[in-house]
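Written below as structure tokens is the structure these notes are about.
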Amino acid sequence: MSSIKVTVSGVEQAIEADQKPTHLFADNKEIVVCKINGLLRDLWTDLHDGDVIEGVTISSPEGLAVLRHSTAHVMAQAVQQLFSQTRLGIGPPITDGFYYDFDPPQPFTPEDLEKIESAMRKIVKEGQRFKRRVTTESDALTELAHEPYKCELIGIKGGGNDETNVEVGGTELTIYDNLGRDGQPVWSDLCRGPHLPSTKHIPAFKLMRSAGAYWRGSEKNPMLQRIYGTAWPSQDELNAYLELLAEAEKRDHRRLGQELDLFSFPEEIGSGLAVFHPKGGIVRRAMEDYSRKRHEEENYEFVYSPHLTKAALFQKSGHLDWYSEGMYPPMVMDEELHADGTIKRAGQQYYMKPMNCPFHNLIFQSRQRSYRELPLRLFEFGTVYRYEKSGVLHGITRARGFTQDDAHIYCTKEQMPGELDSLLTFVLNLLRDYGLSDFYLELSTRNPEKSVGSDADWAEATESLRKAALAQNLELVLDEGGAAFYGPKISVQAKDAIGRTWQMSTIQVDFQLPQRFELEFSASDGSKQRPVMIHRALFGSIERFFGVLTEHYSGAFPPWLAPVQVVGIPVSDSFADYLGDVISQMKKSGIRAELDSSDDRMQKKVRNAQMQKIPFMIIAGEEDMKAKAVSFRYRNGDQKNGVPIATAIAEITDAISTRIQV
RNA sequence: GCCCUCGUGGCUCAGUGGUAGAGCAGCUCAUUCGUAACGAGCAGAUCGUCGGUUCGAUCCCGACCGAGGGCUCCA
């Protein structure tokens, strides 16, 4: 046997020509795949003289993707074992897991998933080897004649997105055979690879759920059945992931909204339309009040506009042309009909507003504007109504009626860069005040296929946005071509307490509306000029931000936002008057304090307050009363006894005014 | 909108082709108790809505309304 020279992990060495990477890395069980000359390859790949080989561990991002993709294959094999009539779609790795799309005779039931999972465990146990086989288009079409979706992929080879690329994205068309103990193929799938050396390299996995999904992501295509799963390098990591999901479920704002009596969605009102209960109302008002105060400091002017308008306004803005299916249908007023039903007098159409901007434009236009007034910043807590598709509604974060903290800034071209810069700083600082601290920014640029406005305007606005973003020293992600047709935008993404990303604020330049409304101001030389218009919302919608904060804090709001800041718990009834007096003093200091005078035992009252996530429990009994003091119990279970009344009040008012979390 | 799952007292859930139970919450009584559920009793549901099948439906079928998980969508 001849030998060849290869470089393994940076070290040049001579090996037998029939040695594979799997042999080279035999002493490191963490290595499940490798890079040969920079390309990700199976550990069974043939080596050639001069190859440069690096091991890739199962825990690396690439290793995880391979693990998950291989697990998807095992799932597809199990599905076809159990349901032989099932045709295969695609099965790529995704964040934290994988999915595979199937076209089964019957949709999968939860019991099916259990069966599939145990069939998978068997396959994993068998240690089937993944073997790569190069084929040709015509051979593959013959071999996979019974797999119509796979044949379709062969037809679009190379042209697909990242997901279809997993199947056919390589330069060669390949099929992976799973070899049983006897070395004979037991199952095959069209796939680019690479894969784990064998199925026994799958340490931990779990099927999560099945769901419908359109073939290749288009709602014009048939609906396939997708099964989601997750796979990890160890059982511990799988458990940690499942715990994270359980934690996310516990802090789901829809669940907390009910448990903490914050809001509800009465069926009688309609899908996606919420009512805020008193406690939710307090949180919301605290949010709004603080936002209003900060906006006033930043020279915003507060305006109001009606919830509905004649069609003409949204015709002028263009919304009816491109957005009517997202709007509630019109109300026709004062229409008169002939006896035969034909129209005698045309009525007037009124629409619920899906946006506030046209109203603000009318305010701008209500009189002649001077350059001396600019930038003019019009702010409104504007409630809008959008007929979202039923399937997209999600608690309070995606609703059909919601209130935007909406402002439109009218300024000169020259003012725009400075305005965007100070605006972004303002936005981020305000979000920080609400307790979010981990951000990145996303800049959406022009889609040349679909946009209005001149090249120069776009370039200038995009550059101003980019400069403003870079000045923040935050990660900036480019969303190439992702802007709306009327102008570029920057959006602020925030991470919450358990690491999930939420899109928060958006700052959007608009080249369209000033033109459609023919907005003008008088410049210093007396000429008429068109202002630049900037749309911006910090919360997106108040309801949505409310939901995000609820999940971020898991319902344990910082004192300044908490519906009830203090609950007084007397050790027994005989101390209720004493403690009631302390609570009254707190109320006079502006603290949202309540006395629990129910006839529950104090332990029960503590439990109730704990479950309501009230920041401060103030307890008083014999000792405290004698000392003219109270005892604290904090949400985390800590205690502080014998605190003089004035000190206690000061501690609480201080926590509220500094907006700290406790 | 599409696919799947679900809809039983305020909440969480059990249950059956012959008109319903539990725990918590509520109310009453008892208790007055130092940091996460004292005890007893009472009350509370035309089993989402409307049709159909059936001698009879909360249970089977259909439509609608609503919820959940996804897909698509979010100007």
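The values are calculated or read from the model by the stated rules, or taken from the named source; none is laboratory data. What you see is a predicted model; the values in this text were computed from it and never measured. Note: ideal-geometry Cβ built from the backbone for every residue, glycine included; neighbour counts use all protein chains shown.
Let's see how each residue does on (1) closer than 12 Å to A:Leu207 by Cα; (2) over 28 Å from the mean Cα position of the chain (by Cα):
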residue: A:His69; (1), (2): no, no
residue: A:Ala72; (1), (2): yes, no
residue: A:Gln77; (1), (2): no, yes
residue: A:Thr86; (1), (2): no, yes
residue: A:Gly89; (1), (2): no, no
residue: A:Thr95; (1), (2): no, no
residue: A:Pro105; (1), (2): no, yes
residue: A:Pro110; (1), (2): yes, no
residue: A:Glu114; (1), (2): yes, yes
Set A:Glu388, A:Glu380: member being touching a Phe, Trp or Tyr at 6+ places or on another chain (Cβ under 7 Å), touching a residue at least 12 places away in the same chain (Cβ under 8 Å) and of a type outside the set (S, T, N, Q): A:Glu380
Test for A:Leu238: is it more than 9 Å from RNA strand B (Cβ to nearest atom) and not assigned by TED's automatic domain parsing to the domain that holds A:His73: no
Unmet requirement for A:Gly38, which otherwise passes all of (1) more than 22 Å from A:Ala204 (Cα to Cα); (2) under 27 Å from the mean Cα position of the chain (by Cα): (2)
Test: residue in segment A:401-408 that is over 17 Å from A:His307 (Cβ atoms) and part of a strand (DSSP E or B): yes
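Matching residues to (1) more than 30 Å from A:Gly418 (Cα to Cα); (2) out of contact with any Lys or Arg (no Cβ under 9 Å at 6 or more places or on another chain):
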| position | (1), (2) |
| --- | --- |
| A:Glu520 | no, no |
| A:Asp525 | no, yes |
| A:Phe539 | no, yes |
| A:Gly555 | yes, no |
| A:Pro558 | yes, no |
| A:Val567 | yes, no |
| A:Asp596 | yes, no |
| A:Glu623 | yes, yes |
Matching residues, segment A:341-383, being closer than 22 Å to A:Arg294 by Cβ and either hydroxyl-bearing (Ser, Thr, Tyr) or within 12 Å of RNA strand B (Cβ to nearest atom) (or both): A:Asn356, A:Cys357, A:Gly382, A:Thr383
Which listed residue, of A:Gly590, A:Gly568, is closer than 23 Å to A:Gly642 by Cα and surrounded by 23 or more Cβ atoms within 10 Å (Cβ to Cβ): A:Gly568
Total residues in segment A:330-370, condition in contact (Cβ under 8 Å) with a residue 24 or more places away in the chain and more than 15 Å from A:Pro514 (Cα to Cα): 9
Only listed residue being buried (at least 18 other Cβ atoms within 10 Å of the Cβ) and in contact with a helix residue (DSSP H, G or I) (Cβ under 8 Å, 6 or more places away or on another chain), chosen from A:Leu374, A:Leu420, A:Leu362: A:Leu420
Pick from segment A:319-338, criterion exposed (fewer than 14 other Cβ atoms within 10 Å of the Cβ) and among the hydrophobic types (A, V, I, L, M, F, W, C), ranking: nearest to RNA strand B (Cβ to nearest atom): A:Trp322
Filter pass, A:Lys5 being modelled with pLDDT of 90 or more, basic (Lys, Arg), closer than 23 Å to A:Pro233 by Cα and touching an Asp or Glu at 6+ places or on another chain (Cβ under 8 Å): no
In segment A:385-408, residue farthest from A:Glu301 (Cα to Cα) [restricted to those that are buried (at least 18 other Cβ atoms within 10 Å of the Cβ) and within 6 Å of RNA strand B (Cβ to nearest atom)]: A:Gly395
Given (1) touching a residue at least 60 places away in the same chain (Cβ under 8 Å); (2) out of contact with any Phe, Trp or Tyr (no Cβ under 9 Å at 6 or more places or on another chain); (3) within 9 Å of RNA strand B (Cβ to nearest atom), number of the condition A:Glu249 does not satisfy: (1)
Which numbered condition A:Ala650 fails, given (1) more than 9 Å from RNA strand B (Cβ to nearest atom); (2) surrounded by 18 or more Cβ atoms within 10 Å (Cβ to Cβ): (2)
Given (1) surrounded by fewer than 14 Cβ atoms within 10 Å (Cβ to Cβ); (2) more than 8 Å from RNA strand B (Cβ to nearest atom); (3) in contact (Cβ under 8 Å) with a residue 40 or more places away in the chain, index of the condition A:Met611 fails: (2)
Of all residues in segment A:620-647 being farther than 18 Å from A:Arg592 by Cβ and β-branched (Val, Ile, Thr), the one that is nearest to RNA strand B (Cβ to nearest atom): A:Val643
Residues of segment A:313-364 satisfying the condition of being assigned to a strand (DSSP E or B) and either closer than 20 Å to A:Gly382 by Cβ or within 30 Å of the chain's Cα centre (by Cα) (or both): A:Met331, A:Tyr350, A:Tyr351, A:Met352
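Residue by residue, here is whether (1) touching a His at 6+ places or on another chain (Cβ under 8 Å); (2) not β-branched (Val, Ile, Thr) holds:
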residue: A:His23; (1), (2): no, yes
residue: A:Lys29; (1), (2): no, yes
residue: A:Val33; (1), (2): yes, no
residue: A:His48; (1), (2): no, yes
residue: A:Val52; (1), (2): no, no
residue: A:Glu62; (1), (2): no, yes
residue: A:Val66; (1), (2): yes, no
residue: A:Pro92; (1), (2): yes, yes
